[in-house]
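The values are calculated or read from the model by the stated rules, or taken from the named source; none is laboratory data. Everything numeric in this text was worked out from a predicted model, so none of it was measured. Note that we place each Cβ from the backbone using ideal geometry, even for glycine, and neighbour counts take in every protein chain shown.
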Amino acid sequence: MRIFDPHIHMSSRTTDDYEHMREAGIRAVVEPAFWMGQPRTSPATFIDYFDSLLGWEPYRASQFGVRHHCALALNPKEAEDPRCRDVLDLLPRYLVKDGVVAVGEVGYDSMTAAEEEAFQRQLDLAREFDLPVLVHTPHRDKIAGTRRSIDVLREAGLPPERVVIDHLNELTVAMVVEAGHWAGFSIYPETKMDERRMVALLLEYGVERMMVNSAADWGRSDPLKTREVGLAMLASGFSSHDVEALLWHNPAAFYGQSGRLQLDEPEAPAAGDFAGNTVMRGA
């Protein structure tokens with residue numbers, strides 16, 4: 001089973017995770033910009049963070065045979081913080097980088113005016129830099145947040161096939177499919193979606209323009225949940241072709257719209273280093 005996880009926060013994970021992911025068939029990932037769990041206090045902290053998503057993390061992933069790309073943005077959780085607003089002015093220097101395959105995560109957390117302004121500005125950047133967009137839907141008021149996201153995207157004039165709206169569930173998938181966007185689902189151990197519910201939705205809607213991800217981060221999550229979806233699909237009668245379409249071809253098609261996606265096997269130099277460091281602590 002060949003897997004491309006289109007939304008995972010590997011900066012929060014360990015090298016053991018990369019090893020287990022490789023064994024499970026995960027060969028490529030996209031890491032969207034995320035928050036640390038506590039507020040960042042300055043745009044300067046984002047510079048180091050963005051640099052790590054374009055430097056150290058792709059190097060670290062390559063040591064385990066995994067291709068790492070990223071999506072960059074001022075994420076919705078921090079868009080409300082005035083200390084972080086200048087990140088929007090920093091983004092253009094990063095959105096030209098080869099490893100950036102989308103603008104994201106953008107969208108809503110609490111559906112405030114400041115979040116919407118940041119959302120709209122970053123949609124303008126996506127158009128300017130010809131990048132697809134990853135939209136985060138809020139964990140509270142998800143129906144209203146998803147509906148408003150679709151309205152904002154329509155007003156911005158972005159082609160629907162250039163946008164994935166993520167963290168969907170049974171209550172929000174229909175409106176996203178009807179609008180023509182890609183539909184993204186995060187599969188979690190206890191919250192969000194699970195593999196059983198996901199298979200039920202796939203039986204109803206099919207696999208076209210559908211993507212599943214682990215959204216694994218520093219919280220309770222599991223970077224192997226994409227594989228569990230594939231196994232559940234096979235057990236429910238889906239073909240191996242359907243599984244590969246969902247877990248590999250769909251994210252490759254979506255992020256391939258950036259023109260920057262590399263899905264060949266990365267070379268993992270046994271003695272290579274990055275800025276004088278390796279994953280072999282103490283070696």
Could you grab the pairs with beta carbons closer than 6 Å, sequence gap of 6+ or different chains, first residue in segment 205-223 and hydrophobic (A, V, I, L, M, F, W, C), second one modelled with pLDDT under 95 and assigned to a loop (DSSP other than H, G, I, E, B)?
-> W218/G37
Could you tell me whether any residue of segment 169-187 is under 30 Å from T14 (Cβ atoms) and among the polar types (S, T, N, Q)?
-> yes
Would you be able to say whether some residue in segment 18-31 is at pLDDT 95 or above and on the phi > 0 side of the Ramachandran plot?
-> yes
Exactly one condition in (1) at positive phi; (2) assigned to a strand (DSSP E or B) is not met by D130; state its number.
-> (2)
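Does segment 54-73 contain any residue that is closer than 21 Å to P138 by Cβ, in contact with a helix residue (DSSP H, G or I) (Cβ under 7 Å, 6 or more places away or on another chain) and at pLDDT 95 or above?
Yes; the residues of segment 54-73 include at least one that is closer than 21 Å to P138 by Cβ, in contact with a helix residue (DSSP H, G or I) (Cβ under 7 Å, 6 or more places away or on another chain) and at pLDDT 95 or above.
Given the structure, is L224 closer than 26 Å to E105 by Cβ and touching a helix residue (DSSP H, G or I) at 6+ places or on another chain (Cβ under 7 Å)?
yes
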How about segment 85-107: which of its residues are at pLDDT 95 or above and either within 28 Å of T15 (Cβ to Cβ) or in contact with a Lys or Arg (Cβ under 6 Å, 6 or more places away or on another chain) (or both)?
-> L88, Y94, K97, D98, G99, V100, V101, A102, E105
Exclusive hit being of a type outside the set (A, V, I, L, M, F, W, C), crowded, with 17+ Cβ neighbours inside 10 Å and in contact (Cβ under 8 Å) with a residue 60 or more places away in the chain, set Y49, Y59 | Y59
Can you tell me which residues in segment 180-222 are among the β-branched types (V, I, T) and either part of a helix (DSSP H, G or I) or under 18 Å from P138 (Cβ atoms) (or both)?
-> T191, V199
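Name the residue, out of V152, V177, V164, that is among the hydrophobic types (A, V, I, L, M, F, W, C) and either assigned to a strand (DSSP E or B) or crowded, with 21+ Cβ neighbours inside 10 Å (or both).
One residue alone meets the criteria, V164.
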Filtered residue count, segment 122-141, keeping only those that are more than 13 Å from A71 (Cβ to Cβ) and modelled with pLDDT of 95 or more | 6
Any helices (runs of 4 or more DSSP H) falling wholly within segment 8-73 and containing at least 3 residues that are farther than 27 Å from V243 by Cα = 43-54, 56-62
List pairs: first in segment 8-23 and closer than 24 Å to E105 by Cβ, second of a type in the set (A, V, I, L, M, F, W, C) and part of a helix (DSSP H, G or I), Cβ under 8 Å, 6+ apart or cross-chain?
-> M10/A61; S11/L53; D17/M10; Y18/M10; Y18/A61
